[in-house]
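Report on the structure given below.
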Amino acid sequence: MATKKEADHRPWGYYEVLADEPDHKVKRIIVYPGKRLSLQRHRHRSEHWYIITGEVVVVRGEEDISLGPGQSIDIPQGTLHRIKNVGTGNVTFIEIQTGESFAEDDVERIEDDYGRIP
């Protein structure tokens, strides 16, 4: 019998880890309407985001990219990025991480709406 993954709640929404393997990590991420994740980068991993529901604007480097259901984007290692829910309902997306480390201490926050920059 499969066990339900514990959700990790944040000010912008929550996520569940679907897979945590030595060579990849997969998360299901929910972002509440009008909320956005911190502007951040990772030194040891790249990410691929697949939008399931909702409308988002992704900041990737100097680009602002609008995406909707069925669309995806690659975030190269070391690239500044963030995602914002610009719709009226929850956004759901899948994040696939690949690289050398998937630890939370590989998050370098540059800007944060919730005071999480030391």
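Read-outs throughout are calculated quantities, based only on the coordinates presented, and are distinct from any laboratory measurement. Keep in mind the model is a prediction, meaning the values are calculated, not measured. Every residue, glycine as well, gets a Cβ built from its backbone with ideal geometry; the counts of neighbours run over all protein chains shown.
Can you give me the distance in nm between label points at S72 and D8, each placed 7 Å from the Cα along the Cα-to-Cβ direction?
2.2 nm
Please compute the net charge surrounding V31, taking Lys and Arg as +1 and Asp and Glu as -1 over other residues with Cβ under 10 Å from its Cβ. Walk me through the numbers before you get to the answer.
Details: positive: R10, K35, R36, K84; negative: none.
Neighbour charge sum, excluding V31 itself: +4.
Less than 15 Å from a label point 7 Å out along the Cα-to-Cβ axis of R109: which backbone N atoms in region 39-82 qualify, by residue?
39-42, 81-82
Over the chain, what portion of Cα pair distances is larger than 24 Å, expressed as a whole percent?
Cα-Cα pairs of the chain separated by over 24 Å account for 20 percent.
Using the alpha-carbon centroid of each, what span in Å lies between region 21-48 and region 67-118?
Region 21-48 and region 67-118 have Cα centres spaced 4 Å from each other.
Quick one: which of 76-88, 93-105 comes out on top by average Cβ neighbours within 10 Å, and what's the full order, highest first? Please report the intermediate quantities before stating the final value.
Values: 76-88: 16.9, 93-105: 15.1.
Listed from highest to lowest mean packing, they are 76-88, 93-105.
Which whole-Hz ³J(HN,Hα) couplings does region 24-33 yield from phi under the Karplus relation 6.51 cos²θ - 1.76 cosθ + 1.60, θ = phi - 60°, glycine and proline marked x?
6, 9, 10, 10, 9, 10, 10, 10, 5, x
Multiply the residue gap between R116 and E63 by 0.36 nm, knock off their C-alpha separation, and tell me the result in nm, one decimal place.
Between R116 and E63, full extension yields 16.7 nm more.
Roughly what would the spin-label model give for I94 and H48, points 7 Å off Cα along C-beta, in nm?
So the two model labels end up 1.0 nm from each other.
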